[in-house]
Amino acid sequence: MSASSSSTSRFHVNLPKRSVFTVPDGAGVGIECRSGSVWVTLDRDTRDIVLEPGDRFESTDHRRVLVSALEPSCITVSDAQPAAMPLPARSRAWSPWRLLPHGLSPA
């Protein structure tokens, strides 16, 4: 028998163009571009990381990760801590994890 993958948490996020998805602590988090094109930015990191469909980025640092949609995109986020999970659509409470439609960051 192979090891169960149930310990891996995954969710998909659809990002409108110029929207931003934030992961407050990127250590151990994977971001995979499923469609579109996204720009991944880490706090205090000067690299430009652009993901196209099929590309994956994994962070090992305890830094905030911003994923900006360069066009309408879908990403898969894996192994994120519960605080990074998006709020259910029915929640109206303010949250820094909410997708911001005009490319603005809660930072």
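The values are calculated or read from the model by the stated rules, or taken from the named source; none is laboratory data. What you see is a predicted model, and the numbers here were worked out from it, not measured in a lab. Cβ: placed from backbone, ideal geometry, glycine included. Neighbour counts: every protein chain shown. In case anyone asks, the SASA skips ligands and DNA or RNA and just uses the protein heavy atoms, side chains included. Shrake-Rupley method; radii C 1.70, N 1.55, O 1.52, S 1.80 Å.
Structural remarks
- Filter result for VAL38 (buried (at least 17 other Cβ atoms within 10 Å of the Cβ) and closer than 19 Å to SER9 by Cβ): no
- Search result, residues across the stretch 41-58 that are open to solvent by 40 Å² or more (accessible area, probe 1.4 Å) and in a loop (DSSP other than H, G, I, E, B): ASP43, ARG44, THR46, ARG47, ASP48, GLU52, PRO53, GLY54, ASP55
- Residues of the stretch 18-35 that are in contact with a helix residue (DSSP H, G or I) (Cβ under 9 Å, 6 or more places away or on another chain) and either assigned to a loop (DSSP other than H, G, I, E, B) or open to solvent by 60 Å² or more (accessible area, probe 1.4 Å) (or both): PRO24, ASP25, GLY26, VAL29.
- Among the residues of the stretch 1-17, those that are part of a loop (DSSP other than H, G, I, E, B), at pLDDT 55 or above and of a type outside the set (D, E, K, R) comprise SER7, THR8, SER9, PRO16.
- When the residues of the stretch 59-73 are filtered to those that are among the hydrophobic types (A, V, I, L, M, F, W, C) and within 13 Å of the chain's Cα centre (by Cα), the one that is most open to solvent (accessible area, probe 1.4 Å) is LEU66.
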